[in-house]
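See structure below.
The values are calculated or read from the model by the stated rules, or taken from the named source; none is laboratory data. Computed from a prediction, not measured in an experiment: that's the story for all the values here. In this analysis, Cβ positions are derived from the backbone assuming ideal geometry, glycine residues included, and neighbour counts consider all displayed protein chains. Only protein heavy atoms, including side chains, enter the accessible area calculation; ligands, DNA and RNA are left aside. Shrake-Rupley method; radii C 1.70, N 1.55, O 1.52, S 1.80 Å.
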Amino acid sequence: MRLNRVDVKLGLTMITVFLLVFVPFVYVIDQVFCNYYYNKAKEEAHQLTSNFAQMITNNQMLMSAPMVEMAGDITQKKLFLLDENEEIITFTGIEDLEINIEEFDLQNLFEGRPVVFEYVEPLTDIPYLLYGHPINADQFNGSLFMLFPLNDMYDSMSTVRQLFLLAGVGGFFLALGFTFIASRKLSSPLLEMQAATKKIAKGDLNTKVMVRSKDEIGSLAVGINNLTQELKRHHDTRSEFFASISHELKTPVSYLMGYSEVLKEKLYQTEEEKEQYLSILEHEATRLNYLISDLFDLSKMEEGKFEINKEWIDLTELADNLDMKYSLKAKEKGISFTLKVDENLSLFYGDGKRIEQILTNLLDNAIRHTTNGQVTCEFKQGDNQVNIIFKDTGTGIPADELPFIFERFYRVEKSRSREFGGTGLGLAIVKMLVKLHGGTIEVTSKENEGTQFTLSFPNEILKKERGEQI
Amino acid sequence: MKWLDWAIVSLLLLIGLVCLSMSLTLTTDENFIISLMKLCLWVGIPSLMIGLIFLVFNKRT
């Protein structure tokens, strides 16, 4: 059985804690139990010995020998009397015992206090409690010693200890059983998650982990499920992306291959036809170049490696340049172009080149998709933000396609996409650039009525005035 | 938990209860079966109470 498992570790920890508490507890109970019975025996010995010592004192030692014999008969205990010189003067029941009284420290006795010793008879190995009480405490006249056998007490203590041990073993097995259940129950969600993550690592992104609780383990399960969903989405998006790139690249490349072969084989009739084919080649090569450049920029933005160089720029100046460029373009197409700028437009903290890229992308789209009517661009200064609004009266975007227009290669009216031109990445790039400047982009549209794009950027001037970090 | 796990748990609990019952029987005048029944109650009732508390706690969270 593999020991390096969570349920084994958990179980061993629980059993260790149980033993760390149980073992000292059992030791204390054992000591309390043994000491209780020993102290009881000592108390009984004290009572008996002091009573007889008192009797001998009262009788002034005159009748001591018969006294001792009588005490021995009544109590059925072995006892002996010592004089003040520690000589045994009378005894009963100790004929067959070897006691060397000089082994014991009798100082307390001489000072009028009782003494207690443990004595093991060498021949029989029977343990005794040897209790000595002074006779006539004011003036030491000798002492009375009584022997109390402890073998019965020790035997019964031993039996009880064995039964305690048996009960302890039983308790340990019960603890082991419950620990087994607890460790398995606690570790089973983790093991389930481990199995699921293994499956996910092997590529099965449809794996789901059951969320059985609302604690940290439940959160972990939810986190794994979310991660799997993200992975799956990323995986699907990547496949889609590669399919789209391949398609978008193939189209201009096939034009380049086709027309270059035509020119090589001189399959044209007139110089005009040749010029036309060369124009197409140039147009497609340029388109391919823009596509590759846009893809590169987009991938750098998504990886977070795209650098923007922020500085304070005057949007009014930018607006004037756009006005000049797009008024002409709009005029060529027969539509009107209006540009409005708020008088109190504050300075903008951003990358001038990239802001221009955002604005030209949106204006190009607006003009491209408007055949009659107008295109307007408005720069508005709000309290906490700067808004740039683009409105056109073009073909509009169907409501069901609106959520997808910022996705890479997504085109509305795919059948006419080549006619409108572009790489299909413009809005994806616009959205990323707006996000890099801390702004947001919103779009509203109605088919055959027109589209409105609203860009909102935080007012960095206000932040600067408040001393906040930009 | 698989059936083998439950079998191991049952065996461990049985050994524990038997040891405790034997200890009890040897110190009292009671029959082994009666001691075992009493111990099953002493173990079973607290386990049931803890299980109920655990279920209520789980439902609340």
Checklist entry - In segment B:1-29, which residue that is more than 7 Å from every other protein chain (Cβ to nearest Cβ) and not in a helix (DSSP H, G or I) is surrounded by the most Cβ atoms within 10 Å (Cβ to Cβ)? => result B:THR28
Checklist entry - Can you name the condition, by its number, that A:GLU44 falls short on among (1) outside any loop (DSSP other than H, G, I, E, B); (2) loosely packed, with under 13 Cβ neighbours inside 10 Å; (3) charged (D, E, K, R)? => result (2)
Item to check | Identity of the residue in segment A:186-217, open to solvent by 80 Å² or more (accessible area, probe 1.4 Å) and part of a loop (DSSP other than H, G, I, E, B), that ends up nearest to the other protein chains (Cβ to nearest Cβ) | outcome: A:LYS214
Next on the checklist: Just to be sure I understand, how many residues within segment A:127-171 are touching a helix residue (DSSP H, G or I) at 6+ places or on another chain (Cβ under 6 Å), at pLDDT below 90 and of a type in the set (Val, Ile, Thr)?
Outcome noted: 1
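Out of all the residues in segment A:257-309, which are in contact (Cβ under 8 Å) with a residue 60 or more places away in the chain and of a type in the set (D, E, K, R)?
From segment A:257-309, those in contact (Cβ under 8 Å) with a residue 60 or more places away in the chain are A:287, A:290-291, A:294-295, A:297-298, A:301-302, A:306, A:308; that's our starting set.
Answer for segment A:257-309, where residues must be in contact (Cβ under 8 Å) with a residue 60 or more places away in the chain and of a type in the set (D, E, K, R): A:ARG287, A:ASP294, A:ASP297, A:GLU302.
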Checklist entry - Which number in (1) over 21 Å from A:ASN448 (Cβ atoms); (2) open to solvent by less than 40 Å² (accessible area, probe 1.4 Å); (3) free of Cβ contacts under 8 Å to residues at least 60 places away in the same chain marks the one condition that A:SER346 misses? => result (3)
Checklist entry - Looking at this structure, is A:ALA330 surrounded by 19 or more Cβ atoms within 10 Å (Cβ to Cβ), farther than 28 Å from A:GLU311 by Cβ and touching a Phe, Trp or Tyr at 6+ places or on another chain (Cβ under 9 Å)? => result yes
Checklist entry - Applying the selection to segment A:256-308, what residues are closer than 24 Å to A:PHE409 by Cβ, of a type in the set (Lys, Arg) and assigned to a helix (DSSP H, G or I)? => result A:ARG287, A:LYS300
Checklist entry - Out of the residues in segment A:155-185 that are more than 8 Å from every other protein chain (Cβ to nearest Cβ), under 15 Å from B:SER23 (Cβ atoms) and not polar (S, T, N, Q), which is nearest to the chain's Cα centre (by Cα)? => result A:GLY168
Item to check | A:THR228 out of contact with any Leu (no Cβ under 7 Å at 6 or more places or on another chain), β-branched (Val, Ile, Thr) and surrounded by 12 or more Cβ atoms within 10 Å (Cβ to Cβ) | outcome: no
Checklist outcome for this item: Flagged in segment A:139-184 as open to solvent by less than 50 Å² (accessible area, probe 1.4 Å) and part of a strand (DSSP E or B), in numbering order, are A:SER143, A:LEU144, A:PHE145, A:MET146, A:LEU147, A:PHE148
